Amino acid sequence: MKKNLQSIILRDKNNIIPSSDDSIKSVYNYFMENGEDSDKQKVNFYMASTYRDLNDNPRALNYFLKAQEIGESNDDIDAILQIKTYSQLAYIYCIQNNYREAMFIAEKECSIAKKAHCVTVWNIMDMVTPAFALNDTIKASKLDNITMKIIKNSHDYSKFSEIIAELLYNNTIWNKKDAADSCYNLIKQIKQQDRPHNYYTAIGAYYYKYVSKDSAANIYKEQMEKCHRLRSRHDAANGLMKYYAYKKQYKLSTKYALLLNDIKDSIEIEEAKDQTKNTYNEFRYQQNKRIQEKAHEEIEVARNRFVVCLFILVIFILVTTCLYYYRKKEIAEKLLNKDKAIKNAQFVIKKKDIELNDKKKELSELDEELSRTEENLELKMSQNKQLMKFAFMKKISSNASEIIDKFKKASEGQNNITEKEWQELFAAVDKLYPGFSAMVQNKIPKISNELLITAYLLKIGMTNPQIMRLTNFPHQTVWRRTKKVESLLCDELKFIP
């Protein structure tokens, strides 16, 4: 927002007329809410300047007065801005023909400027205009002399060209020839491009009174040709009317009198427009003021409602807080009781865990004993198998080949082989191939009985169809088992007749 304010200040210094008050409004609202007194003084001043440029004098006056009030209530405020505020107030009072108030404000302006050691001719001229309008020639003359002294000491006449022209005109009207001559000598040193808008009016009046009426007429004619402002043309037409009346050229005098009348009518129309605009602006100002007052009332009502709601909310929060802490205390007691129960349960669980660990230890000992028993049992079974195998081998020591041939012949038809006959086969093969059984157990740990049968049948040279007829297993099962046995035992299955 400070950047926006700086932008508005720069536009005002460069005399850039704003098209509306939109840009300053947002800046004004922000600084009036959040700014310090110096910021508030600035935004009120530039808000007033905006309305002044928009010819909305009632609003401009209102905001200049606000800036004045802020400046007067604070000793540390910007004195330069306060001086500018008084100058603008004097200007608006002069527009409104309120010359006494303009003089009062201008005197305060000069007083502050004097204290701040920054008095300028502009501050003094703010007193000259109302003094002249109030016919206070003594005061106006005194102020003129002070102004001329400052201008001469500055040696920069073009900077004060408008003031010099005004002083020339005033001194001419007041018949102060010496002062008028001094002003004339200064204004003639100003270059043509730096001449002010009131140059011709002042020179014309001076020539008409102190030099030559013909020279004055030439000036008025030049003014009529070159100037387009109604006030300048009014002064030129008035001067030419008087000149031709003095010369008794009444036809030309009448011509300029009629022209003067037309210009007066145009000025009155412009003033009527300005008056209408000012009236409208005054109406709009009052209307907006009423809207603002209504808005303030609504804000006040809303604020009161907010306070009531806030009070109710505080009470509700207090009640809720009390209930919350009461409930919290109740829950805390329940949790404490539960915590005690949990601790008791934990103690019982710990006790049970100890008992369980004892039972686990006993079970572990029993498992170890069982494992030893199973190992002994397996050893006994293995010994029994070996004994049975030795018994079979002893029994069939003379006919192992016969048993194999018996199985081969049996494979030609559909037979049901008994468990005893299978044991005889195992013994016969182990007789003929002593390391075969150990090799099978080594390469196929935990071998099933069906897979063991398949391995022994393959060892004696049986084919898949023969194995199917001996075991009554399905074709797919036999094929899968033989493939597995062949992949694991490989060359160990070679049959040696």
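The values are calculated or read from the model by the stated rules, or taken from the named source; none is laboratory data. The model shown is predicted, which means the values in this text are computed figures rather than measured ones. As a convention, Cβ positions derive from the backbone with ideal geometry for all residues, glycine included, and neighbour counts pool all protein chains shown. All accessible areas refer to the heavy atoms of the entire protein, side chains included, with ligands and DNA or RNA removed. Shrake-Rupley method; radii C 1.70, N 1.55, O 1.52, S 1.80 Å.
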Could you pull out every one of the lysines with an alpha carbon less than 21 Å from that of K209, ignoring same-chain neighbours closer than 8 positions? K176, K177, K188, K221, K242, K247, K248
Segment 167-242, dipole about Cα centre (Lys/Arg Cβ +1, Asp/Glu Cβ -1), debye to the nearest 20: 140
Carbon plus sulfur fraction of accessible area for the chain, probe 1.4 Å, in percent: 54
Which order, highest average first, do 405-411, 319-325 follow once you tally other Cβ atoms within 10 Å for each residue and take the mean per peptide? 405-411, 319-325
When we measure straight from the Cα of K408, which lysines land under 28 angstrom away, once same-chain ones fewer than 8 places off are left out? K385, K389, K394, K395, K420, K431, K443, K446, K459, K483, K484, K494
Other residues with Cβ under 12 Å from the Cβ of I354 give, with Lys and Arg +1 and Asp and Glu -1, a net charge of +3
Take a quick pass over segment 113-158 and tell me how many lysine pairs come in under 19 angstrom between Cα atoms, counting only ones 8 or more apart or on separate chains. 5
Could you tell me which label, among (i) 35.6; (ii) 24.9; (iii) 23.5, carries the value of Kirkwood radius over Cα pairs in Å calculated for this structure? (i)
Quick check: Cα centre of segment 168-187 to Cα centre of segment 353-375, how many Å? 135
Quick calc, I267 & K152: beta-carbon distance into FRET formula, R0 45 Å, rounding 0.05, result 0.80
Going through the DSSP H helices of the chain, which span 30 Å or more along their own axis at the Cα atoms while scoring at least -1.0 as a mean Kyte-Doolittle hydropathy? 250-395
How big is the dipole moment of the chain about its Cα centre under a simple scheme where the beta carbon of each Lys and Arg is +1, that of each Asp and Glu is -1, and everything else is neutral? Debye, nearest 20, please. 760
Taking a crude spin-label model, label points 7 Å out from Cα along the C-beta direction, the K247 to V319 distance in nm is 9.9
Ranked highest first by average number of other Cβ atoms within 10 Å, how do 335-343, 148-156, 200-208 line up? 200-208, 148-156, 335-343
With a 1.4 Å probe and all protein chains in place, put R480, R233, R100 in order of accessible area, largest first. R100, R480, R233
Residue-normalised accessible area of the chain, expressed per residue, 1.4 Å probe, Å²: 64
Suppose each label sits 7 Å from its Cα in the direction of the beta carbon; what would the I95-F347 distance come out to in nanometres? 9.6
Which value, in Å² rounded to 10, gives the accessible area of E36 with a 1.4 Å probe and all protein chains present? 130
Where Lys and Arg each count +1 and Asp and Glu each count -1, what net charge lies around Y326 among other residues with Cβ under 14 Å from its Cβ? +2
When the helix-only estimate is applied to the chain (DSSP H runs of n ≥ 4, each -39,500 (n - 2.57), divided by the residue count), what is the mean residue ellipticity at 222 nm, nearest 500 deg cm²/dmol? -27500 deg cm²/dmol
Relative contact order (%) - the chain, alpha-carbon pairs under 8 angstrom, separation at least six: 6
Taking every other residue with Cβ under 14 Å from the Cβ of L363 and scoring Lys and Arg +1, Asp and Glu -1, one gets -4
Judged on accessible area alone, 1.4 Å probe, highest first, M241, M32, M47 line up as M32, M241, M47
Given the peptides 171-182, 430-441, arrange them by the average over their residues of other C-beta atoms within 10 Å, most packed first. 171-182, 430-441
